[in-house]
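Remarks on the structure that follows.
The values are calculated or read from the model by the stated rules, or taken from the named source; none is laboratory data. The model shown is predicted, which means the values in this text are computed figures rather than measured ones. Glycine also receives a Cβ, built like all others from the backbone with ideal geometry; neighbour counts cover every protein chain displayed.
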Amino acid sequence: MNPSKPCAEKKIHYQHPKDFECRRMNGPRAKTDLIVQGCFVHSTPNESLVVNEDMVMGVRGGRILFMEPKDKLDALLCSFEMDKENLMTLEKNQFIIPGFVDSHAHAPQYTFMGTGGDLPLIPWLQTYTYPTETLLNTDDSFARDVYEKCVNRTLRNGSTTVSYYATISADATRILTDVIECQGQRAFIGKVNMDTNSPDDYVETLEESVKETHRFVEDILARKNPLLTPCITPRFAGSCTHELMEDLGKIARGHSLPIQTHISENRDEVKMIADMFPQAKNYTDVYDRAGVLGDKTILAHGVYLSDEELQVIGERGSGISHCPNSNFTLKSGILDVRKVMNAGIKLGLGTDFAGGHSPSMLDAIRRGVTAANTLTFSQRSDQGQLELVTYKDLFRLATLGSAELMGISDQIGNFEVGKQLDALVIDPEVDQSPFDVFSTDSREDIIQKFLFVGDDRNIVKVFVNANQVV
Ligand SMILES: Nc1nc2[nH]cnc2c(=O)[nH]1
Ligand SMILES: [Zn+2]
């Protein structure tokens, strides 16, 4: 891979600390071809876990050109005029999976991730979250430090795409954008909007919020970096007026941009929203009336949504980001994933740090399995056969599911020919691996061990758009 030009050459706002190595690629597309031979593991719309042994994949300009049995290698190299020098052959127990897609995370909250789990959502926001975000909002060098460590950490943990919330400041959001661009991650980035029911030093007027949102959108669009998408981000109905949400919906539609927000996460929050918006039928109706439910809307949590609300969400083409670690940590509740899947609603997986206390999508997969298992405890035998949610389902949500939710499954999410290569090389036998492989293990056993016991030590290479970023 061709490492980056220094950011300074491309009029970047962000100044790196002296020892920081900027990995921004020369343009968004990998310059050289890449050929990978080995075992490919991914999901398709019909199957949660597909294992393709002994395959060869060709990648050109970042895109997957072919995926064929390895005995065709020489013929493929010849017909696509590819150089064998660019061949990467995986070792025996190594395998390659699509990059993880974290459909919901808060970059400024990375600062206090792992603490603050003593409170439920609303006091947690007031006690830990708003004060921390206020600090990043006003201190550029602190924001830079936090964002650099946050993006580095998510990439190392295999999140090739993340949908981030920043803070209410367009300038501070630009620091996050610079850092993401330098480190080569694919991301949705949101300047957060809050014009009511918020601390005096962490709130905007309606006019400021709209003006700053335009400024933030223009900054990202002007970069013409296809890996970066501005995402319109009304924090949640609890911190936005109807008028602001309406204006934000218009901005999103005007530029064809995605929207991200929170919905129905916690019982007290649902009651607070009902009190704030007495004219609305329910939480979903608050967003629907404001025009923020479209086919690019990512709704985090959705734990307490009624069947009627799920139906409206499905009809609008919006989807849900399941954030099980956060739901457990903030004691919010448990999303019935099977119900959402059966309703045919788009569903992805998110870490929601620092509500969740891990930046790792492997952790999100595990918590998702635990959440689904926990729901079965209260199911009675007279309620019929349980439809289990398995680790394979969670693997799909962490990759293709989140990509579908974010509306980018035509570009990433699995190894379909024509998509861009966002991928992780997994080495189950790396030095210091947190698990062991035995001769009795099947390939599927090894994959399952990685998903349940593995960590970032096993993720030995990370590719975004065929550029190696870790
Ligand atoms: N988990 C979580 N829920 C929210 N609802 C409104 N803001 C937040 C937030 O920052 N985290
Ligand atoms: Zn959140």
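Within the range 341-362, is even one residue more than 16 Å from ligand 1 (Cβ to nearest atom), farther than 27 Å from Lys281 by Cα and of a type in the set (A, V, I, L, M)? Before you say what the answer is, go through the steps one by one.
Taking the range 341-362 and keeping what is more than 16 Å from ligand 1 (Cβ to nearest atom), we get 341-347, 360-362.
Adding the requirement that they be farther than 27 Å from Lys281 by Cα leaves 360-362.
Applying the additional criterion that residues be of a type in the set (A, V, I, L, M) yields 361-362.
Within the range 341-362, one or more residues are more than 16 Å from ligand 1 (Cβ to nearest atom), farther than 27 Å from Lys281 by Cα and of a type in the set (A, V, I, L, M).
Please find, within the range 159-196, the residue that is nearest to Ser239 (Cα to Cα) out of those that are over 13 Å from the mean Cα position of the chain (by Cα) and of a type in the set (Lys, Arg).
So the residue we want is Lys191.
Within the range 172-190, identify whether any single residue is small (Gly, Ala, Ser), in the same structural domain as Asp268 (by TED's automatic domain parsing), in a loop (DSSP other than H, G, I, E, B) and more than 29 Å from Pro123 (Cα to Cα), and answer yes or no.
So far as the range 172-190 goes, yes, one or more of its residues are small (Gly, Ala, Ser), in the same structural domain as Asp268 (by TED's automatic domain parsing), in a loop (DSSP other than H, G, I, E, B) and more than 29 Å from Pro123 (Cα to Cα).
Determine whether Asn282 is in contact with an Asp or Glu (Cβ under 9 Å, 6 or more places away or on another chain), among the polar types (S, T, N, Q), in the same structural domain as Gly117 (by TED's automatic domain parsing) and away from ligand 1 (no atom under 16 Å from the Cβ). Explain how you work it out, then say what you get.
On the way: in contact with an Asp or Glu (Cβ under 9 Å, 6 or more places away or on another chain): yes; among the polar types (S, T, N, Q): yes; in the same structural domain as Gly117 (by TED's automatic domain parsing): yes; away from ligand 1 (no atom under 16 Å from the Cβ): yes.
Against the criterion (in contact with an Asp or Glu (Cβ under 9 Å, 6 or more places away or on another chain), among the polar types (S, T, N, Q), in the same structural domain as Gly117 (by TED's automatic domain parsing) and away from ligand 1 (no atom under 16 Å from the Cβ)), Asn282 qualifies.
Given the conditions (1) polar (S, T, N, Q); (2) in contact with a strand residue (DSSP E or B) (Cβ under 7 Å, 6 or more places away or on another chain); (3) in a helix (DSSP H, G or I), and given that Ser141 satisfies all but one, which numbered condition is not satisfied?
The number of the failed condition is (2).
Of all residues in the range 263-291, count the ones that are surrounded by 19 or more Cβ atoms within 10 Å (Cβ to Cβ), more than 16 Å from ligand 2 (Cβ to nearest atom) and closer than 26 Å to Pro230 by Cα.
Of the residues in that region, 4 qualify.
Determine whether the range 150-157 contains at least one residue that is among the basic types (Lys, Arg), part of a helix (DSSP H, G or I) and under 23 Å from Leu400 (Cβ atoms).
Scanning the range 150-157, I find at least one residue that is among the basic types (Lys, Arg), part of a helix (DSSP H, G or I) and under 23 Å from Leu400 (Cβ atoms), so the answer is yes.
Inside the range 62-123, counting only strands (runs of 3 or more DSSP E) that do not spill past its ends, which hold 1 or more residues that are more than 22 Å from Ala354 (Cβ to Cβ), out of contact with any His (no Cβ under 7 Å at 6 or more places or on another chain) and more than 16 Å from ligand 2 (Cβ to nearest atom)?
63-69, 87-89, 95-98
Given the criteria away from ligand 1 (no atom under 12 Å from the Cβ), touching a Lys or Arg at 6+ places or on another chain (Cβ under 7 Å) and assigned to a helix (DSSP H, G or I), does Leu135 qualify?
Against the criterion (away from ligand 1 (no atom under 12 Å from the Cβ), touching a Lys or Arg at 6+ places or on another chain (Cβ under 7 Å) and assigned to a helix (DSSP H, G or I)), Leu135 does not qualify.
Any residue at all in the range 343-363 that's more than 20 Å from the chain's Cα centre (by Cα) and farther than 25 Å from Asp456 by Cα?
Yes, the conditions are met somewhere in the range 343-363.
Being in contact (Cβ under 8 Å) with a residue 12 or more places away in the chain, outside the structural domain of Leu400 (by TED's automatic domain parsing) and basic (Lys, Arg) is the requirement here; does Lys149 meet it?
no
Quickly run through the range 170-216 and pick out the residues that are of a type in the set (D, E, K, R) and within 23 Å of Arg156 (Cβ to Cβ).
Asp178, Glu181, Arg186
For the condition under 22 Å from the mean Cα position of the chain (by Cα), within 23 Å of Cys323 (Cα to Cα) and of a type outside the set (Lys, Arg), what is the one hit in Asn225, Asn266?
Values: Asn225 fails: within 23 Å of Cys323 (Cα to Cα).
Testing whether each residue is under 22 Å from the mean Cα position of the chain (by Cα), within 23 Å of Cys323 (Cα to Cα) and of a type outside the set (Lys, Arg) leaves just Asn266.
When you scan the range 155-166, do you find a residue that is aliphatic (A, V, I, L, M), closer than 30 Å to Phe450 by Cβ, within 16 Å of ligand 1 (Cβ to nearest atom) and touching a residue at least 40 places away in the same chain (Cβ under 8 Å), even just one? Talk me through it step by step, then tell me what you get.
Our first condition is that a residue be aliphatic (A, V, I, L, M); within the range 155-166, this holds for 155, 162, 166.
Then keep just the ones that are closer than 30 Å to Phe450 by Cβ; that gives 155, 162.
Among the residues that remain, those that are also within 16 Å of ligand 1 (Cβ to nearest atom) are: 162.
Right, trim to touching a residue at least 40 places away in the same chain (Cβ under 8 Å) and you get 162.
Yes, because at least one residue in the range 155-166 is aliphatic (A, V, I, L, M), closer than 30 Å to Phe450 by Cβ, within 16 Å of ligand 1 (Cβ to nearest atom) and touching a residue at least 40 places away in the same chain (Cβ under 8 Å).
Any idea which of Ala237, Ala222 is in the same structural domain as Leu305 (by TED's automatic domain parsing), out of contact with any Lys or Arg (no Cβ under 9 Å at 6 or more places or on another chain) and within 11 Å of ligand 1 (Cβ to nearest atom)? Even if it seems obvious, please write down each step before you answer.
Numbers: Ala222 fails: within 11 Å of ligand 1 (Cβ to nearest atom).
The conditions single out Ala237.
Which pairs do you get when a residue that is in contact (Cβ under 8 Å) with a residue 12 or more places away in the chain and over 14 Å from Ala252 (Cα atoms), found in the range 187-202, comes within reach of a residue that is assigned to a loop (DSSP other than H, G, I, E, B) and of a type in the set (S, T, N, Q), reach meaning Cβ atoms under 7 angstrom, with the pair 6+ apart or on two chains?
Asp195/Thr205; Asp195/Thr241; Thr196/Thr241
How many residues does the range 109-134 hold that are more than 18 Å from Val151 (Cβ to Cβ) and out of contact with any Asp or Glu (no Cβ under 8 Å at 6 or more places or on another chain)?
Count: 14.
Quick one: which residue in Asn197, Asn152, Asn137 is touching a helix residue (DSSP H, G or I) at 6+ places or on another chain (Cβ under 7 Å) and at pLDDT below 95? Before the answer, list the steps.
Values: Asn197 fails: at pLDDT below 95; Asn152 fails: at pLDDT below 95.
After ruling out the rest, the residue left standing is Asn137.
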